[in-house]
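No lab work stands behind these numbers, since they all come straight from the coordinates. All values reported here derive from a predicted model rather than from experimental measurement. Reconstructed Cβ throughout: ideal geometry from the backbone, glycine too, with neighbour counts over all protein chains shown.
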Amino acid sequence: MKKILTTASLLVVLATIMNSCKKDETAVAPPVPGNEFLTTVGLKVTNANNASDVQYAYWTDTTLISNPPDSINTPVLNLQANQKYNVEVLFQDRTTNPIGDVTAEIKERQNYHLICFTASPSLNLTVTRTDKDTNVPALEVGLTDLFTTGAAGTGQLNVQLRHQPNVKDGTCAPGSTDADVNFTIRIK
Amino acid sequence: MTQKNWLVPVILLLCVASQASGQACNYDISGYIKDHQQKPVIHAAVRISNGPATYTDTAGYYHLGGLCAGNYTINCSVDSFMIAQKTFVLNSNITLNFTPFEPSTDLKEVVVSGTRVHELSTLHAVELDNKQLFQTTGRSLGESLKNIPGINTIQTGPGISKPVIHGLHSNRVLILNNGIRQEGQQWGSEHAPEIDPFIAGSMTIIEGAASLRYGSDAIAGVILLNPPALIDERLKGEVNLVGASNGRMGAVSGLLNGAGDKKWEGFQWRVQGTLKRAGNFKTANYYLNNSGIDERDFSGTMGYHREHFGLYGYYSSYHTKMGIFDGSHVGNLNDLYAAFARTKPITPSYFSYKINRSYQEVTHDLLKLNSYYNFNNNGRAEIVFARQSDLRNEYDVDLPYSSDPAVLNAPQVSFKIKTHTLDLTYHTPERNHFSGTYGVSGITQGNVFRGIRYLVPNFRNYGSGVFAIEKYTRNKWTLEGGLRYDYRWLKVYRRNDNSLTVYTQTHTYNNLTAAVGATWQATPELSISGNSGTAWRAPSVSELYIRGIHLSAASYEIGDSTLQAERSINNSISFKYNGQKLFVQLNFYDNEINNYIYAKPSLTGITLVSGTYPVFQYTQANVRLRGLDAEVNYHVLPALAIISKAAIVRGYNKSIHDYLVFMPADKFDNSVKFGLPDHGHFKQSYVSLQYVYTAKQTRVPPNSDYVAPPPGYGLLNYSMGTDLHLHNNPLNISLSIENLTNVAYRDYLNRFRYYADDLGINFILRTKLTF
């Protein structure tokens with residue numbers, strides 16, 4: 001009996017030693033090159049009547065980048081009352097240097113995406129999407145928009161990137177959410 | 001919803017019409033199997049050719065009832081080795097006593113002395129034989145066990161299901177596939193066991209703390225899948241064909257086996273393969289888009305045996321691609337609430353076999369080499385080596401943000417785990433009513449995680465265990481007890497995202513487990529068993545280190561690297577009465593688990609770019625799981641049986657004085673089965689009607705789930721079958737209709753209940769030809 005147990009334990013040891021030779025797990029895979037994370041949603045707002053009046057606001061995911069360089073996790077835009085603004089929605093990967101541009105990939109897959117805007121009731125702001133995808137019939141995308149401000153007021157603008165593979169119908173309901181962030185907008 | 005109600009009367013009418021003529025099926029066979037010293041052969045399988053099967057009790061007694069007149073062959077086997085066989089004509093109740101074949105040189109090499117140790121026989125176990133497994137062919141492993149009281153499934157849509165034993169699942173249920181611990185990715189509720197159920201000739205489910213024999217993790221129980229014994233005939237085979245209306249599922253599985261003769265005497269072989277395909281499954285009112293399955297499996301065995309020893313090699317490969325229902329994709333919690341508020345998913349409802357993103361693709365390969373040696377003193381030693389490799393790739397619904405085609409085609413999450421195990425066991429011969437099993441086992445695993453999203457780290461672990469189980473059998477008593485020591489070492493490898501250097505963390509766990517049990521065979525019909533045992537489980541790497549969003553669950557999970565091992569104390573008592581007309585089985589259990597690991601809702605949200613998620617933090621508590629499994633089978637008439645089963649489990653968190661989340665609701669299963677007389681070539685025909693009621697789960701802790709548990713529901717299932725005997729090649733045929741009334745329902749244990757109903761009506765035709 002003793003003999004068997006000794007042989008057995010020896011075999012176990014032998015097997016483990018043999019197996020410990022190849023250790024794939026010690027090489028922890030580096031970040032996948034060429035892949036981009038969506039870390040940041042930005043708004044580039046240009047006054048329709050004054051091309052030099054340009055503002056940027058960025059919302060950055062603090063679980064992916066613990067201290068965003070511009071520290072803007074409560075982004076604010078200051079707009080003038082009763083004005084029109086041309087808006088570009090920017091999607092970025094700030095885990096890399098230089099900053100990665102995710103907007104291009106979303107533009108490429110525009111037939112699967114829709115950007116939805118919801119202004120809080122205190123905010124007198126109308127958002128009109130100005131771009132169209134290549135679906136038949138063409139549907140709005142929302143990467144470029146027109147903001148029309150009303151009377152003065154402050155509120156939140158919720159911006160959502162909806163992912164709608166094969167189910168895009170022009171409304172926000174289908175699909176799932178890829179980005180869902182809030183911007184504070186002050187209309188003066 | 002109930003437009004198919006007309007089916008019920010039509011089918012009932014068919015049943016009545018077809019039982020009008022014929023002879024009675026009420027003959028009994030019983031007897032004792034005793035060895036040459038008149039010692040009972042315990043737990044020998046007694047099987048009628050293409051008919052029912054049973055096991056001998058501690059007195060060596062067996063009983064098979066409700067048989068029709070005819071020619072039969074009866075086989076007795078121990079541990080898959082045939083020890084006796086007889087062909088006879090049945091036209092009255094008969095007694096057949098058996099003595100195992102003499103140990104001889106004619107290659108029936110197994111020396112059976114009635115001492116074969118069935119370890120942990122005092123724990124409550126349920127066996128599914130070939131015949132019962134035929135009724136579940138085409139289902140996944142989890143689904144095929146659902147009819148056993150005390151067993152449920154946790155599901156992620158129609159394709160992915162995992163067995164739940166007494167309220168526990170995943171890492172707490174150990175699956176032994178052909179004697180080998182199944183080691184894949186088991187920690188998530190969407191990680192189904194990577195096993196083709198067609199490989200099993202029988203399954204045993206041990207409910208209770210079985211760590212003593214099978215090692216750590218077996219806190220809830222063990223599922224043993226045993227392939228049929230290799231045969232001594234030249235060539236035999238089997239073909240299974242299954243078709244189901246729901247999902248337009250088709251499965252074909254075949255096997256060929258045989259043995260060499262003359263100078264190849266002693267060689268045995270088998271090849272087996274399965275193909276399974278299903279498209280979009282349908283609920284009562286709509287299709288579940290992208291819920292298809294594409295599975296391809298094969299296995300092969302070679303063996304060589306002489307009088308004293310045997311050498312076997314086994315290889316199996318499992319590959320599946322499973323679509324994840326489109327309507328279940330939620331970006332964040334608001335999406336989930338919106339999906340739940342809808343009465344019907346807004347994804348298109350149509351049938352297709354195509355599997356789009358998102359899907360999971362899993363490959364599992366197993367190589368097993370084993371050998372045994374029978375000593376002259378009737379002792380038996382066995383050595384088993386196994387290598388498993390499991391690759392799981394998960395593809396999200398959205399493509400990665402990249403223009404590089406290599407990145408676009410890569411899975412978002414990929415795990416590759418390789419496991420090597422080595423087990424040595426020695427079964428002592430019986431001496432003065434004592435017999436024992438001793439063993440040592442070793443395991444090592446390496447897990448490589450690749451992916452775009454971080455989920456769990458790479459790791460390496462080593463484990464070893466040593467155990468001894470001693471059993472005392474005398475007259476009406478069986479007593480058993482054992483001790484086991486386990487050691488486990490785990491090292492995780494992680495990369496610092498800023499410095500890009502790899503750093504490691506090491507954990508060690510060791511534990512002593514023990515169990516004692518007794519069975520008292522009061523009469524040949526009535527036995528009472530009690531078992532008290534401990535079990536343990538080391539925290540899984542996901543529980544220690546997970547950080548991220550769990551797919552399809554809209555929750556952000558955070559692991560805790562300081563978690564301790566779980567330890568449980570399990571007490572169970574079971575009664576079994578196996579009489580002429582009445583069969584009753586009751587099993588009461590109490591499982592006290594200290595340091596039970598669970599994901600606790602932390603009541604705060606985390607805001608990511610994709611929205612706000614509830615945070616679940618892994619933590620530990622002392623919990624109690626208590627319950628009862630009951631089964632009553634009463635033959636009102638020789639041909640008419642009423643079968644009632646009930647399973648009740650209560651999970652309670654003793655640390656925070658609250659219920660445990662995701663516990664199975666109470667389940668009551670009643671059926672009527674009518675055996676029809678043989679008619680020409682049609683034998684063993686039956687019709688059966690089953691009503692399964694699942695109550696609403698009302699015992700849930702607050703704030704632990706997004707929505708309230710769904711209401712209770714009742715499902716009506718119909719089934720009929722026959723064995724067609726043509727030219728000695730039996731053809732088993734069965735037609736089942738599940739969810740006959742096409743009820744729209746949602747099950748508490750199905751994670752997709754947030755998004756869609758469960759499956760609607762399903763017609764299933766199963767056939768099996770043995771040649």
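Which residue, chosen from A:GLY150, A:TYR85, A:ASN166, occupies the Cα position most advanced towards the positive end of the dipole of region A:36-187, where the dipole is computed from +1 (Lys, Arg) and -1 (Asp, Glu) charges on Cβ about the Cα centre? Going by the Cα projections, it comes out as A:GLY150.
Calculated FRET efficiency, B:TRP477 to B:GLN580, Cβ-Cβ distance, R0 = 30 Å: about 0.75 to the nearest 0.05.
Of all lysines in the structure, those lying under 25 Å Cα to Cα from A:LYS44, and not within fewer than 8 positions of it along the same chain, are A:LYS84, A:LYS107, A:LYS132, A:LYS188.
Given +1 at the Cβ of Lys and Arg, -1 at the Cβ of Asp and Glu and no other charges, the dipole of region A:36-187 around its Cα centre is 380 debye to the nearest 20.
The mean sequence separation of alpha-carbon pairs under 8 Å and at least six residues apart, normalised by the residue count of chain B, gives a relative contact order of 11 percent.
Applied to region A:172-181, the Karplus parametrisation 6.51 cos²θ - 1.76 cosθ + 1.60 on θ = phi - 60° returns per-residue 3J(HN,Hα) values of 7, 4, x, x, 10, 9, 9, 9, 8, 9 Hz, with x for Gly and Pro. With respect to the cross-link table entries B:LYS39/B:LYS576; B:LYS146/B:LYS683; B:LYS146/B:LYS696, which display a Cα-Cα separation exceeding 21 Å? B:LYS39/B:LYS576; B:LYS146/B:LYS683, as the Cα separations exceed 21 Å there. Inter-chain Cβ neighbour count for A:168-177, averaged per residue, equals 5 (cutoff 10 Å, partner chain atoms only). Between the helical axis of B:7-18 and the longest alpha-carbon principal axis of chain B there is an angle of about 10 degrees. Within region A:170-188, which residues have the backbone N less than 12 Å from the label spot 7 Å out from A:ASN78 along Cα→beta-carbon, could you tell me? Flagged as within label range: A:186-188. B:ARG181 sits among other residues whose Cβ lies under 10 Å from its own Cβ, and their net charge, with Lys and Arg +1 and Asp and Glu -1, is -3. Sorted ascending by nearby beta carbons within 10 Å, beginning with the fewest, B:LYS236, B:LYS683 become B:LYS236, B:LYS683. Calculated mean residue ellipticity, 222 nm, chain B: -1500 deg cm²/dmol, from DSSP H runs (n ≥ 4) at -39500 (n - 2.57) each, averaged per residue and rounded to 500. Ordering B:TYR315, B:VAL609, B:PHE415 by the projection of their Cα atoms onto the charge dipole of the protein assembly as shown, which places +1 on the Cβ of Lys and Arg and -1 on the Cβ of Asp and Glu, puts B:TYR315 at the extreme positive end. Ranking of B:ARG277, B:ARG139 by neighbouring Cβ atoms within 10 Å, starting from the fewest: B:ARG277, B:ARG139. For region A:99-113, putting each phi into the Karplus relation 6.51 cos²θ - 1.76 cosθ + 1.60 with θ = phi - 60° gives couplings of 4, x, 9, 8, 4, 4, 5, 5, 4, 4, 9, 5, 5, 9, 10 Hz, in residue order, rounded to whole numbers and with x for Gly and Pro. Averaged over the residues of peptide B:641-654, the number of Cβ atoms from other protein chains lying within 10 Å of each residue's Cβ is 0.
Taking Lys and Arg as +1 and Asp and Glu as -1, the other residues whose beta-carbon sits under 14 Å from that of A:GLN156 total 0. Each of B:TYR214, B:TYR454 has some number of other Cβ atoms within 10 Å of its Cβ, and from fewest to most they run B:TYR454, B:TYR214.
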